[in-house]
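The block underneath contains the structure these notes are about, expressed in structure tokens.
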């Protein structure tokens, strides 16, 4: 018994020693934590606080946007179906200039049907309770045409008007300025601003009006409407879809359409003068081409343009045409026969320029030889429907053939 009791006591002492040793080791291995290190670690590995996720609500489409999208969808469908009446039901009728120009645009796609016509509308802004602006893009393809000019598209700033509870398309969203006898249309909004170019053109217009109405002794009853597009592509797409080659446009009863030059420069003064002279001829003719053969219309309008050119520019034209008068009959560099220029010829651009310059030199010769008064009487006679031959005999005392001979002799003296 004593032995067993002694062994128990010995084991108790040993266990007590072991426990004491473990407590010592634990105290040495686990030093007191450094609070600065704890804070740094907390910052380094901290997880972001979870944000409360709010429910995303889509921005509602305004009633205006819905209405204009409906209108343009109906316009698009009407064009695709060739439905002129259906299309025109969505067109504003209160601007006679726009209505006439746009009606002729419609007649063009009616004559040359489209297999594709799409409209996109965006950047819609309310201007008032009854008007709104937007950017409108059209994309189209002709049904029966292939190759160059059979497809295209353009974007323009446009306007809509609400009338009798219905939104109507009002065409391009123009700003305008007026001088005597002329109204200029141009774009000026936060996307496309041609105000600077319009200011330059405005400075030309009074001189163009005064010089040309005096030169041709004719003041038109109607004002000329000149629309200035930012580029020829937009001009083409809002004038005649079938005429991809146009860079400017001027036809009886329509607005004059010009485009900015390269690098967004304003149209040249001489180009505006040329088209205003053409407008005067149309007005003399009662709003038509009158009896003018193509060469005569081009010759007179080019004469109007040269009044705003330098003397050296005019002389250069005269010398170039004079050199052609010496070319052999069989040469490709010879002058054109007037019979070949009765209607607009199908020529390359360079040859077309020669044909126009040739016609100009004849008008210049008539002015130098017979005077401004007789020249103007000749122009007015043809505008009134007289044949060119009869007008020549009445004003110059000779027929066109003899006039042609005298002109060729005069040309040689200009070299």
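The values are calculated or read from the model by the stated rules, or taken from the named source; none is laboratory data. Owing to the predicted nature of the structure, the values given are computational and were not obtained by experimental measurement. All Cβ positions, even for glycine, are placed from backbone atoms using ideal geometry, and neighbour counts span all protein chains on display.
Numbers at a glance
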| item | result |
| --- | --- |
| Hits in the range 144-169 (condition: out of contact with any helix residue (DSSP H, G or I) (no Cβ under 7 Å at 6 or more places or on another chain) and in a strand (DSSP E or B)) | 151, 155, 157, 158, 159, 161, 162, 163, 166, 168 |
| Condition met for residue 195 (over 18 Å from residue 256 (Cα atoms), in contact with a strand residue (DSSP E or B) (Cβ under 8 Å, 6 or more places away or on another chain) and not assigned by TED's automatic domain parsing to the domain that holds residue 243) | no |
| Search result, residues across the range 170-185 that are in contact (Cβ under 8 Å) with a residue 60 or more places away in the chain and either assigned to a helix (DSSP H, G or I) or closer than 17 Å to residue 155 by Cβ (or both) | 170, 171, 172 |
| Every residue from the range 164-185 that is within 15 Å of the chain's Cα centre (by Cα) and crowded, with 17+ Cβ neighbours inside 10 Å | 171, 172, 173, 174, 184, 185 |
| Residue in the range 371-415 that is farthest from residue 290 (Cα to Cα), counting only those that are in contact with a helix residue (DSSP H, G or I) (Cβ under 6 Å, 6 or more places away or on another chain) and assigned to a loop (DSSP other than H, G, I, E, B) | 415 |
| Flag for residue 275 being in the same structural domain as residue 189 (by TED's automatic domain parsing), modelled with pLDDT of 95 or more and outside any strand (DSSP E or B) | yes |
| Subset of the range 291-334 (residues that are part of a loop (DSSP other than H, G, I, E, B), more than 36 Å from the chain's Cα centre (by Cα) and in contact (Cβ under 8 Å) with a residue 40 or more places away in the chain) | 326 |
| Positions within the range 242-272 being part of a helix (DSSP H, G or I) and touching a strand residue (DSSP E or B) at 6+ places or on another chain (Cβ under 9 Å), in sequence order | 271, 272 |
| Count - residues of the range 380-415 that are surrounded by 14 or more Cβ atoms within 10 Å (Cβ to Cβ) and modelled with pLDDT under 95 | 1 |
| Counted residues, the range 197-241 - those being within 15 Å of residue 275 (Cβ to Cβ), in a loop (DSSP other than H, G, I, E, B) and in contact with a helix residue (DSSP H, G or I) (Cβ under 7 Å, 6 or more places away or on another chain) | 4 |
| Tabulated pairs, the range 141-160, first modelled with pLDDT of 95 or more, second exposed (fewer than 14 other Cβ atoms within 10 Å of the Cβ), C-beta under 6 angstrom, 6+ apart or interchain | 141/115; 141/116 |
| So residue 287, is it on the phi > 0 side of the Ramachandran plot and either at pLDDT below 95 or in a loop (DSSP other than H, G, I, E, B) (or both) | yes |
| Single unsatisfied condition, residue 344 versus (1) touching a helix residue (DSSP H, G or I) at 6+ places or on another chain (Cβ under 6 Å); (2) assigned to a helix (DSSP H, G or I); (3) closer than 26 Å to residue 389 by Cα | (2) |
| Extreme residue, nearest to residue 95 (Cα to Cα), among residues of the range 189-198 that are surrounded by fewer than 19 Cβ atoms within 10 Å (Cβ to Cβ) and within 15 Å of the chain's Cα centre (by Cα) | 189 |
| Top-ranked residue in the range 225-256 [being crowded, with 17+ Cβ neighbours inside 10 Å and closer than 15 Å to residue 194 by Cα; ranked as farthest from the chain's Cα centre (by Cα)] | 226 |
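To keep it simple, each residue is scored yes or no on (1) in contact (Cβ under 8 Å) with a residue 12 or more places away in the chain; (2) over 13 Å from the mean Cα position of the chain (by Cα); (3) closer than 27 Å to residue 108 by Cβ.
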| residue | (1), (2), (3) |
| --- | --- |
| 187 | yes, no, yes |
| 217 | yes, yes, no |
| 223 | yes, yes, yes |
| 275 | yes, yes, yes |
| 280 | yes, yes, yes |
| 289 | yes, yes, yes |
